[in-house]
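The values are calculated or read from the model by the stated rules, or taken from the named source; none is laboratory data. Keep in mind the model is a prediction, meaning the values are calculated, not measured. Please note: Cβ atoms are built from the backbone with ideal geometry, for glycine as well, and neighbour counts cover all protein chains shown.
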Amino acid sequence: MASSVTANGQSTSVPSTIADPKYTAASQALPAAQVLAVVGEFEGLENGKAAEFSNVSSLLAAVPGDDFVEQIASLAFNPFSDPLVGAPNRVVLASTLGSTVAKGLLYDAYNTLSVSLKSRVYGVYGNFFAYTMKNNAVDTKLKDVVIYRQGETEPLERLGSGPVIEVSYSGTWATAILLAAVAPRFDSALGDVSGEVHVVITKALAEGANAVASDDQVAAGPVTFDPSTSTGNTINMTITGLLASGAPDTEVVQLANGSAAAKTSTKSWSRISNIAMEDTSYAGVVTASWTVRKITRQSAKNLAVVQSLLNDLNNVTAVIKNPRAGVLTLGDLDTLPSTDFKTVAAALRADSSEFVRLVNASSRFATAERSLPSTVATWTRLPTTATADGTAASPTLTVTDPTGVTAGDASAAGAAPGDAPVYRGIASAVVDGTTLTMADNVPVSFSGLPVYFLSVKPAGRPLAFSTGTPAAPARVFAGGTTGVTDATSRQAMRDALKLTQTAVIACMSLAADDISAINSHCIEMAGVGARECCGFYGAPSQASLDDIDALALQFNNRHMSLWTEDIRVVDSQGLRRWLDPRFQALQMAAGQCSVPIARPLNRRRPRVLETRSAAAWNGTKNANDLIKRGANGYSRDALGFMVTRAITSYRGSDDVNQTECSANSSVNWQIRDMRDFLQPVVDANSAEFYIDAIITLAIERGRRQVASKLITAFYENTVYAFRQGDILVVGYAFSPAVPTNFLILRPEIRPVRFEFSIV
């Protein structure tokens, strides 16, 4: 079993630098502006992802029309009126809600575009988005889209790639030469999206033919023979050429008497020298076909290479039509059914992937994604004994043979897949006996239409279809839900925060489980998480002193700071409004991120007009009561409101290093800075760094921290280091920067002495 290390009561086997601080009577601070994280139920944001913003406007654009977010943005980026307090470096929002995103319907995923549109805003708000899509007037395979959001319109034109590679054939020998792009899929072996391009030659052979493939004889697999009609006798097709190994060989393929079935050679060929058809009285033709080039992701890293490989074929000319061919890959290609390019050039296109790229690059309202299968879709037509009108809720079809049809599979109505796209609808199917029920209540009439069952459903591809031709009427986005906050969504929030540089977290929830999640996160990040931070949280509006006392005792540690008063501010609209104590906590958290490390916020001026609390107390007259309870508020003097004293909820002792927010910040950042500075030691082997060198590095960094006023003192004579197997222990002592909370004047009052002289 691999070794592990334990610090702060937590164990890890992952190589890392972990702090395990020890507090003494005068126990153990780095950058200017820091990163503030705001955690709460943000319906418009995706759970499990932290959204970072550098200014108010970018935050509001990401979650438009949300009053809660507007107030947060206003305070987070402008918390204090004090000129000594600036703004956080960045603000990170992390939602605890498991909201889902609203999507626009896929446009015919199996025939043209395999993409969907998603609202950039999560939750029900996205359900009010709409879009129109139509074919571009110049290139009908390109799409013109208009997205609508609350009276705003966003036109997006000519979405797609157009032809990326145009392929033509100048030879005369082949009856047909076919180009095909196999549907892209996720290749688990490559760990990426992959696809293929095939070039197939066909040659129609009549009675007594002896086909010599002069300059088109290259092959890349077996040869298939397909008779046009049933044979009257057994026909021998003789192949002469080189096997895939390069060895010369001959194979006879027999087409059975009286059969019209195709037959494929058992051998795989690299070159076809000759195909001979015995002299018979067969009146039809036998079409011989073989692949001359199969291009995969392993042989072509991009479409520019594909073009080069196609040009290597005799009589084939491939021309790049899109300058992004060197960036696009086989996995970007759209499906191209086998297309004969002997007389008319064929084109490889990447409309789906370029549609996605262009939408994501230019749209403020929506994102796009491809729906890529990991398996090939297989459709089976269902025999039916009755039809149903889909205009009714949960339309049903009675099937004569429900074999293989199971609940959760999909069913569609329309022409056979691969034909012209005339699908009328798609839904999940619920099967009960011989009855198939369209669970999604698709408003479609199945009368007179064939019904198909998707027997093999491609994983990862949403099953939703529009009508065949994009229609002008707007279609609304759908599927956005608010979701809930639970243990899973809280953990997703915490996992997202671990990927940020967060120094302070403001909890915009009053729920005990949410606040506890922040507390647990801070404790973890001070241990194996190796990215120290602290949390600020608020009491319920107008809570009693006894309730505040209980809220502080709930955590009683240096990681959390409790704030207790309603605040009245001028909001983003210029209106005066009351906000509950969560916003006081946010204001102070933003302030903590907006001053140099270890600088106290005591007596600094927050941007408030008034404060409000329970009738029995207020932040000015009960300042001492709040502090003794490990809680915080604002007090008032002749100049207005100010921070009385920014403290943590720690009540185990009067250790200033654990009770003062600024001193705790000093501790956190000293450790973060020392860890980052010594990280190269962890990344090296034991022979690359000697103990004396490690001690020297630690002392050097400690001196710089003192010089930068990040800490008060670094005790060089206390530095030590030693190894225990793969564990390196580095110890040292330092004094963090602490606030000057009390100034005691001791003037000496002396009596006035008068001296007289007689002149």
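Observations
- If you go through segment 660-684 and pick out every residue that is over 17 Å from R704 (Cα atoms) and either among the hydroxyl-bearing types (S, T, Y) or part of a strand (DSSP E or B) (or both), you end up with 3.
- Only residues that are in contact with a helix residue (DSSP H, G or I) (Cβ under 8 Å, 6 or more places away or on another chain) and either crowded, with 23+ Cβ neighbours inside 10 Å or in a loop (DSSP other than H, G, I, E, B) (or both) were counted in segment 498-516, giving 9.
- Pick from segment 309-321, criterion surrounded by 20 or more Cβ atoms within 10 Å (Cβ to Cβ) and of a type outside the set (G, A, S), ranking: nearest to G160 (Cα to Cα): L310
- Residue-level analysis places D192 among those that are at pLDDT below 90, over 30 Å from T343 (Cα atoms) and of a type outside the set (G, A, S).
- Check on R158, in contact with a helix residue (DSSP H, G or I) (Cβ under 9 Å, 6 or more places away or on another chain), of a type in the set (D, E, K, R) and at pLDDT 90 or above: yes
- Number of residues in segment 627-641 that are within 12 Å of Q584 (Cβ to Cβ) and assigned to a loop (DSSP other than H, G, I, E, B): the value is 1.
- If you filter segment 520-530 down to residues that are of a type outside the set (A, V, I, L, M, F, W, C) and surrounded by fewer than 21 Cβ atoms within 10 Å (Cβ to Cβ), you find that the one that is farthest from the chain's Cα centre (by Cα) is G527.
- Residues that are of a type in the set (A, V, I, L, M), touching a Gly at 6+ places or on another chain (Cβ under 9 Å) and assigned to a loop (DSSP other than H, G, I, E, B), drawn from segment 328-346: L333
- Filter result for L179 (part of a strand (DSSP E or B), modelled with pLDDT of 90 or more and in contact with a Lys or Arg (Cβ under 7 Å, 6 or more places away or on another chain)): no
One line per residue, one yes/no per condition, for (1) surrounded by fewer than 23 Cβ atoms within 10 Å (Cβ to Cβ); (2) modelled with pLDDT of 90 or more:
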position	(1), (2)
L84	yes, yes
V91	no, yes
A94	no, yes
D108	yes, no
V121	no, yes
Y125	yes, no
F129	no, no
N135	yes, no
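- Condition check for V69: surrounded by 22 or more Cβ atoms within 10 Å (Cβ to Cβ) and not polar (S, T, N, Q): yes
- Looking only at residues in segment 689-711 that are surrounded by 14 or more Cβ atoms within 10 Å (Cβ to Cβ) and more than 41 Å from the chain's Cα centre (by Cα), the one that is modelled with the lowest pLDDT is I691.
- Residues being hydroxyl-bearing (S, T, Y) and part of a strand (DSSP E or B) - total across segment 688-731: 4
- Close pairs from segment 708-720: first over 12 Å from S735 (Cβ atoms), partner hydroxyl-bearing (S, T, Y), Cβ under 6 Å, at least 6 apart: V719/Y732
- Residue match in segment 642-659 (condition: at pLDDT below 95, in a helix (DSSP H, G or I) and among the acidic types (D, E)): no
- Residue in segment 71-82 that is modelled with pLDDT of 90 or more, among the β-branched types (V, I, T) and not assigned by TED's automatic domain parsing to the domain that holds E610 present: no
- Pick from segment 223-257, criterion β-branched (V, I, T) and in a loop (DSSP other than H, G, I, E, B), ranking: surrounded by the fewest Cβ atoms within 10 Å (Cβ to Cβ): T229
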